[in-house]
1. Within region 618-631, does at least one residue satisfy the condition of being in contact (Cβ under 8 Å) with a residue 40 or more places away in the chain, small (Gly, Ala, Ser) and open to solvent by less than 40 Å² (accessible area, probe 1.4 Å)?
2. With the checklist (1) of a type outside the set (D, E, K, R); (2) more than 29 Å from residue 486 (Cβ to Cβ); (3) touching a Phe, Trp or Tyr at 6+ places or on another chain (Cβ under 9 Å); (4) in a helix (DSSP H, G or I) in hand, flag the one item residue 460 doesn't pass.
3. Could you look through region 520-563, keep only residues that are at pLDDT below 80 and of a type in the set (Gly, Ala, Ser), and pick out the one that is farthest from residue 491 (Cα to Cα)?
4. Looking for something out of contact with any Leu (no Cβ under 9 Å at 6 or more places or on another chain), among the charged types (D, E, K, R) and modelled with pLDDT under 90 - is there at least one such residue anywhere in region 391-413?
5. Select from region 591-650 the residues that are farther than 28 Å from residue 349 by Cβ and β-branched (Val, Ile, Thr) and list them in ascending order.
6. Please determine whether any residue of region 73-83 is open to solvent by 40 Å² or more (accessible area, probe 1.4 Å), within 41 Å of the chain's Cα centre (by Cα) and modelled with pLDDT of 85 or more.
7. Residues to consider are 443, 419; find the one that is under 14 Å from residue 567 (Cα atoms), over 25 Å from the mean Cα position of the chain (by Cα) and surrounded by fewer than 17 Cβ atoms within 10 Å (Cβ to Cβ).
8. With respect to the numbered conditions (1) closer than 30 Å to residue 453 by Cα; (2) surrounded by fewer than 19 Cβ atoms within 10 Å (Cβ to Cβ), which one is the sole condition not fulfilled by residue 564?
Amino acid sequence: MIIPLQKINIIAQNKYQNQILEALQSIGIAHIIKLKKIKINKIIEQKIQKIDFDLTNIKFISEFLKDNIKEKQSLKDRLSMAKKPQTFNQIKKKSEKLNIDKLTNTITKIETHLQEGQVKLDKIQKHLKELAPWVNLTELPQETKHTQTITGCAPLNKYAEFIRILDYKIKELSIETLHQDAKGAYLQITFLKKHESQIKEILASHNFEIQIPPVKSNVAAEISHLKKEKDRVRLALKKWKKYIGKFKKYVETLKMAEDYLSWQKEKLQAKLSLRKTKFFVSIKAWVKKKDLKSLKNALCEVSSNILIINLKTASRDNPPVVIENKNFISPFESVTGIYGLPRYNEIDPTPFLAPFFIIFFALCLTDAGYGLVMAISSFAAIKILHIPPKNQKLFRLLGYGGVFTFIIGALFGGWFGIDISAISPGPIKNFIEFFRIIDPMKDTLLFMILCFGLGIAQVWFAQIVKVISGYKHKQTGAIASGIAWALFLAAAIVAIIGSGLKISALTNVRLYIILIPIGALMITESRNTKNLFLKPLVGIIAIVQGLISVMSDVLSYSRLMALGLATGIIAFIINTIAGIFRDLIPYAGWVIWFFILIGGHLFNLGINALGGFIHSGRLQFVEFFPKFMEGGGERFAPFKRESKYFEVNG
């Protein structure tokens, strides 16, 4: 249901503004109304900029420490969503003690040393890689009066031919193979200068690349020096990384500071929404009516001179929306939230969509085995991961979906895609067949009729919800339209059933059953038309448009059958493929069979549960909601301390 709100105006002397904001942020029950035109306040803006700067530094330090400090955590701790409890005073005290600027400078210097060291290391490694092919070169190429020495690389595919031709054509030369790798063969060739032009011609024709070793002295000595330098740089980096470990104590404090500064920033931003005079300050806000007393008590602790005035909700006001439902229904608020919130003067659709959504979701899976896995894993996750109550909605919704999928899957005979006809007679087969009332593969038409029947039921029920909403908000037009459409759809269904079953009693009266709601619809749908002669035409057009809309809406529910059949077929195919591997490959086939079954069914469950959730939700958003609500409500966002990392108490 949509919780009723009260618009209030808090008036106090200027000297109390900080204490009032502190109190409001502490209790977290007031939605502050922002000014449409915010006046520029340079002092506040400068403070916000300073906080943003500090938050940026905190993020930099936190990311740096996270990347360089490996915390040992158990799998349970990693998966756990439970937050560590902390009091506001503890967070405030530790945050205010933290010297962010000093810590930022220190971490920046450490990062600079690490980066410079890594650059040096990369440079050394690159140089070593360049020298590797020349490790066997004892002396650098030298030129004498009669000889010349060149070094370079020959492609491997031409290397043998290259050597053969050189040996054949030029007898007075020396060829030494220094190294071979994927790039080619590295050679040192010494020859008489008189053969220079001939040799260079041969080198060019065989793609020989002349290379000079990147070293000024002995290659082996240079490599030895570089390796020592590499060890020295690595040791220095290791010392710096060990030194970083001393900053582990700041990790939690940085989280506290991030939260605390975010709260301070929000408080400064709230100041911009204050209405101020020379002596007084005014804060307008929305509060749940049930929280008014708590708000007054909190502000009385600040000062008894603070005035709280209850304001009437004006027609131009757009109150924020907060929906709260009973324990079983509350998880379905996740579905409503995806679409968006209803307006304050509309009805909360959550209780009305709940039974349809959960049944549709189950029909999209139609497998009792999948339902059992989903229910157990969802409820187990809540316990094992210590998920806080406010974050449990989606898990509980999936758990409910698993329970209903188990029930509907049993009625459809779906158990992990197992072919029931292939099961040997016995208690297992008897158990499955006892509960099965529909075989979706054989009774496809019946399955489709069931989906269309549910679609008609929801479209009809949408008109009932419209009547309830109209009655609640005293909208006579919505009440009249909802009743007329509900009667018309009910009459049409009765007439169709009577015609199909050939019940004489219904056949005789079905014309009158239809005509009366049609007359009512013509009156209600043309109520805004002032021209009496146009009223019948407007009414008929509205009825035709409504019928087309109903038919297209009902056809959309065929997707439930499509998804339900797809889940079963894919599960059957997974079993078949796994069985083929088991039978074809001795021994190891059983291992493959096991992994195909587990992986395949988990994938099938995941992809079809996602599809079922999306399409079941779509039927609510497109076919159900528009019949009685517009949506677009603003979410109730109380001014409070919300922590990313801790459970804040006090």
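The values are calculated or read from the model by the stated rules, or taken from the named source; none is laboratory data. Here the structure is a predicted model, which means the values were calculated and not measured. Cβ atoms come from the backbone with ideal geometry, glycine included; neighbour counts cover every protein chain shown. Only protein heavy atoms, including side chains, enter the accessible area calculation; ligands, DNA and RNA are left aside. Shrake-Rupley method; radii C 1.70, N 1.55, O 1.52, S 1.80 Å.
1. Within region 618-631, one or more residues are in contact (Cβ under 8 Å) with a residue 40 or more places away in the chain, small (Gly, Ala, Ser) and open to solvent by less than 40 Å² (accessible area, probe 1.4 Å).
2. Every condition holds for residue 460 apart from (2).
3. 526
4. Yes, that holds for at least one residue.
5. 591, 592, 596, 598, 648
6. No: zero hits.
7. On the way: 443 fails: under 14 Å from residue 567 (Cα atoms).
Unique residue meeting the criteria: 419.
8. For residue 564, the failing item is (2).
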